[in-house]
1. Being open to solvent by less than 30 Å² (accessible area, probe 1.4 Å) and aromatic (Phe, Trp, Tyr): is that true of Phe79 here?
2. Show the residue pairs that are 6+ apart or on different chains and have beta-carbon atoms under 6 Å apart, the first residue being within segment 70-81 and touching a residue at least 24 places away in the same chain (Cβ under 8 Å), the second being buried (at least 18 other Cβ atoms within 10 Å of the Cβ) and not aliphatic (A, V, I, L, M).
3. If you scan segment 170-187, which residues turn out to be open to solvent by 10 Å² or more (accessible area, probe 1.4 Å) and modelled with pLDDT of 95 or more?
4. State all residues of segment 335-372 that are modelled with pLDDT of 95 or more and aromatic (Phe, Trp, Tyr); if no residue qualifies, say none.
5. If we scan segment 499-511, do we find a residue that is out of contact with any Pro (no Cβ under 6 Å at 6 or more places or on another chain) and within 21 Å of Gly543 (Cα to Cα)?
6. Which members of segment 335-353 meet the condition of being within 24 Å of Gly382 (Cβ to Cβ), open to solvent by less than 10 Å² (accessible area, probe 1.4 Å) and not in a helix (DSSP H, G or I)?
7. Step by step: first the residues of segment 49-59, then only those that are open to solvent by less than 70 Å² (accessible area, probe 1.4 Å) and of a type in the set (A, V, I, L, M, F, W, C), then the one that is farthest from the chain's Cα centre (by Cα). Which residue is that?
Amino acid sequence: MVTQSFLKWVLTTSLLSSAVWASKHVVHEKRDSAPVGFTHLNLAPDDQILNLRINLAMGNQAGLEAALQEASSPTSPTFREWLTKEQACTVESFAAPSAETVQAVTEWLNSFNITSAPATPAGDWIKFSVPVQTANQLLNTQFSIFNHTESGQTSVRTLEYSIPDDLQAHVKTIHPTTSFNGPLRGRSPITAISAARFTPEAEKRATVNCNATITPACLQTLYGIPTAQASSTTKSSIGVAAFSAQNANENDLAIFLKDFRPDLPSTLTFTTELFDGATNSQTGSRAGVEADLDIQYTVGLVNGIPAFFEDVGSKTQDGADDGFLDSINDLLAQTNPPLVFSTSYGFDVESDLSLSLTVAYCNAIMQLTSRGVSVTFASGDGGVASTPGVQCTGKPFPPTFPTCPYVTLVGSTENVPEIGAGLTAGGFSNYFPQQSWQADAVNAYIANLGTTYAGLYNASGRAYPDVSAQGERVEIVVDGETGLVAGTSCSSPIFSSVIALLNDELLSAGKSPLGFLNPWIYANPQAFNDITSGNNPGCGTQGFSASEGWDPVTGMGSPNYAAMRTAAGL
């Protein structure tokens, strides 16, 4: 139904568009309509306060990209010579905007009596708060209120905005503007969490069937993961992201360790770091299934390596990104961030966020990986549909979020011997191109695929997942009871724990951590268990099939610790 306020909004937008050209403004970003699932309600009140952020062009992005390529390429003479935060050639020195950019944007904002502040250590993001009326004038637009039908969640957005033409080279994106997203979703479809089959624990450990339930012992056997406790002086570390008010429960972890890692002290725990108003409460609230899963399958596998629970609250500073960008910027601000950082949350599909915001987020991850941090993500649980419930029958396969090439995307396997799990989101990005380090492996798969699904996927896009690990019937403890969960949410912390253990050995030997993983992964196919069976149905199709080499169900395969150790130079 066309409302009176919507007609007013269209008219106002049209008038403002005329004013844009008169004042030598140009449209900086535009979308034809709100995404499916969003409806326009009315104009945003003039006095409503918007917390805006501007991503400024890096002073030397090409230099940062080149430095990361040199440090991450296995054939480079400076392989794994990661950048630092403090020394002369730092990530921040590359990422900081030029003096010209700072001056141009500052003068523009000052003309509207707006004072901004840096939002990141490098100053490539700035922030300020203004009423809607001022934001409308600043960006020659009209902010409106949109409703996400499924959740009832409302947000203030616009379909286009403009900036002076002489700022085009200085401003990468402004948000929240044209990015729309529904509620943040945990990856795993927690369909099987239930009061568990209680048996005496010693008996359960001795008789576990790894085709019926996955435990740390199963993973140690399947992947050859070491069990010896790490030294108290280890320099390795691992972190997991937490969103949506998920609480990781210390008591649940203690029970999990007692039941499934009795060889480790049950007093092992994790360090909580709170951001954006988060509170990881241990009393008066139920544990979060996602949070418990992530902590139990890091602490329970890394053998005493320090684990960090990076808890992002609801008072996010990054608008449409719902804390994703905050989580990376929070780590960039740290002198010693966790050397592996796993995230098991995401939006429904890649196109939920605008291209400019997604690229800006990816560039922040690039900064983090340049410092030797491995960033991993659960690929999603909807097969080629990316997320369960996405309606795409007869339509192109919607890519997952994120498909950033600086992220290692982790799919799922199941059973022993392993096959690809049908839930794995796998395919090809529409936002990022195929990467040089994956070209040979991916093009071989595409050649074998032939005309199957022609037109339903972007054959020139960044392919994912990169790797995989067990993700079905994984046993955890929640609120004192054991039960089973499934999803790539399980796979990401499992794979990340393997990387943390390898880092422990590397650092103990005086070597650098693995850092940005993807070029190394694709250069060492022998380091992974190649999975050749399974498929990921969705969108009314059977999805892609696993095959020899890389495939969109299991990537390059699952961990083989001994082979990975050799490939890492140990």
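The values are calculated or read from the model by the stated rules, or taken from the named source; none is laboratory data. No experiment lies behind these values; they were computed from the predicted model shown. Please note: Cβ atoms are built from the backbone with ideal geometry, for glycine as well, and neighbour counts cover all protein chains shown. Remember, those area values only see protein heavy atoms, side chains included, never the ligands or the DNA or RNA. Shrake-Rupley method; radii C 1.70, N 1.55, O 1.52, S 1.80 Å.
1. Values: open to solvent by less than 30 Å² (accessible area, probe 1.4 Å): no; aromatic (Phe, Trp, Tyr): yes.
So Phe79 does not fit the description; no.
2. Filtered contacts from segment 70-81: Ala71/Trp82; Ser72/Phe516; Ser72/Pro519; Ser73/Pro519; Pro74/Trp520.
3. Residues satisfying the conditions are His170, Lys172.
4. Listed by number, the list holds a single entry, Phe341.
5. no
6. Step one: filter segment 335-353 for residues within 24 Å of Gly382 (Cβ to Cβ), giving 341-353.
Pick out the ones that are also open to solvent by less than 10 Å² (accessible area, probe 1.4 Å) and you get 341-347, 350, 353.
Within segment 335-353, Phe341, Ser342, Thr343, Ser344, Tyr345, Gly346, Phe347, Leu353 meet the criteria.
7. From segment 49-59, those open to solvent by less than 70 Å² (accessible area, probe 1.4 Å) are 50, 52-59; that's our starting set.
Now narrow it down to the ones that are of a type in the set (A, V, I, L, M, F, W, C): 50, 52, 54, 56-58.
Details: Leu50: 25, Leu52: 22, Ile54: 21, Leu56: 22, Ala57: 22, Met58: 22 Å.
Among residues in segment 49-59 that are open to solvent by less than 70 Å² (accessible area, probe 1.4 Å) and of a type in the set (A, V, I, L, M, F, W, C), the one farthest from the chain's Cα centre (by Cα) is Leu50.
Listed here are the residues, each with its yes/no results for (1) at pLDDT 95 or above; (2) open to solvent by 10 Å² or more (accessible area, probe 1.4 Å); (3) under 23 Å from Thr452 (Cβ atoms).
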{"position": "Asp318", "(1), (2), (3)": "no, no, no"}
{"position": "Asp321", "(1), (2), (3)": "no, no, no"}
{"position": "Asp330", "(1), (2), (3)": "no, yes, no"}
{"position": "Ala333", "(1), (2), (3)": "no, yes, no"}
{"position": "Ser379", "(1), (2), (3)": "yes, no, yes"}
{"position": "Phe397", "(1), (2), (3)": "yes, yes, yes"}
{"position": "Ser412", "(1), (2), (3)": "yes, no, yes"}
{"position": "Gly422", "(1), (2), (3)": "yes, yes, yes"}
